[in-house]
Amino acid sequence: DYIGISGFSVMGGGEQSNAATYFVVLKNWDERKGKKHTAAAIVDRFNMEDYGIQEAEVFAMVPPAIPGLGATGGLQLQLEDRNNLGATEMQRAVETLMENYRNYPALASVSSQYQANVPQYFLNIDRDKVQLMGIQLNSVFTALGYYMGEAYVNDYVQFGRIYQVKLGAGDRAQRIIDDVLKLGVPNASGEMVPFSSFTQIDEQLGMDQINRYNMYSTASVTCNAAPGSSSGEAIKQAENLIKTQLGNEF
């Protein structure tokens, strides 16, 4: 059995339009005896097969040993951009670690979901035009928030629990980016002004998520210890990997 969640990344811990997460329930121990049927062995076989997928980055991982402590099993590292080098250099650093960890026998794998070159749309809003048209800028962002996201309404109690009521335009409203230009916002006279009057849509590359740790921009990196290696050995070799490949940059 499995449970799938569209638009959610367990690695990033947040919503992503181009991500999905599946939780797979394995059979009982008495139905999968032998080392070939352990969770780690199943994950290894799955990852060997999914490397051939060109259209997406697919990988499996074991859950944390203690439920609620971390998103996945293994070691969780935070690569901090303390020198303010930017997202592109952070991407290069993460790729360097993933390319060179095989020289360290205590590390079975190094992975990260950090991406600095995700295709995005940028709404370039001309604030001067907005002001000249007698439109409140917060009304513009409120309309965008309702259309592209959701609006909180209130709470209600049912079955002894509190639930939130939220309204949104739905996924169909976000399929065509040019539809944003058809949205209207009222001016000081109460007339509806279309977004196309003061908004331009630009294509660009950027981060899909912005994460911080200790107030620094960070990239989450997951390391798995090799069979026969302790977590202490894996931590030490991960530190050596970072020092050797990245120096004092991060």
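Details
- Residue match in region 236-247 (condition: touching a residue at least 12 places away in the same chain (Cβ under 8 Å), of a type in the set (D, E, K, R) and not in a helix (DSSP H, G or I)): no
- Every condition in (1) at pLDDT 90 or above; (2) surrounded by fewer than 13 Cβ atoms within 10 Å (Cβ to Cβ); (3) assigned by TED's automatic domain parsing to the domain that holds D81 is met by M192 except one, and the failing one is (3).
- Meeting the requirement of 2 or more residues that are assigned by TED's automatic domain parsing to the domain that holds L181 and either out of contact with any helix residue (DSSP H, G or I) (no Cβ under 9 Å at 6 or more places or on another chain) or of a type outside the set (D, E) (or both), the helices (runs of 4 or more DSSP H) wholly within region 22-141 are 127-132.
- Restricted to region 1-58, and to residues there that are surrounded by 10 or more Cβ atoms within 10 Å (Cβ to Cβ) and of a type in the set (D, E), the residue that is modelled with the lowest pLDDT is E15.
- Verdict on L167 being surrounded by 13 or more Cβ atoms within 10 Å (Cβ to Cβ) and either among the aromatic types (F, W, Y) or at pLDDT below 90 (or both): no
- Index of the failed condition, P119 passing every other in (1) modelled with pLDDT of 90 or more; (2) exposed (fewer than 13 other Cβ atoms within 10 Å of the Cβ): (1)
The rows are residues; the columns are (1) at negative phi; (2) of a type in the set (V, I, T).
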residue: R172; (1), (2): yes, no
residue: D179; (1), (2): yes, no
residue: G190; (1), (2): no, no
residue: S196; (1), (2): yes, no
residue: I201; (1), (2): yes, yes
residue: M207; (1), (2): yes, no
residue: V221; (1), (2): yes, yes
residue: E233; (1), (2): yes, no
residue: K243; (1), (2): yes, no
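The values are calculated or read from the model by the stated rules, or taken from the named source; none is laboratory data. All figures in this text were calculated on a predicted structure; none of them were measured in a lab. A quick note on method: Cβ atoms are made from the backbone with ideal geometry, for glycine too, and the neighbour counts reach across all protein chains shown.
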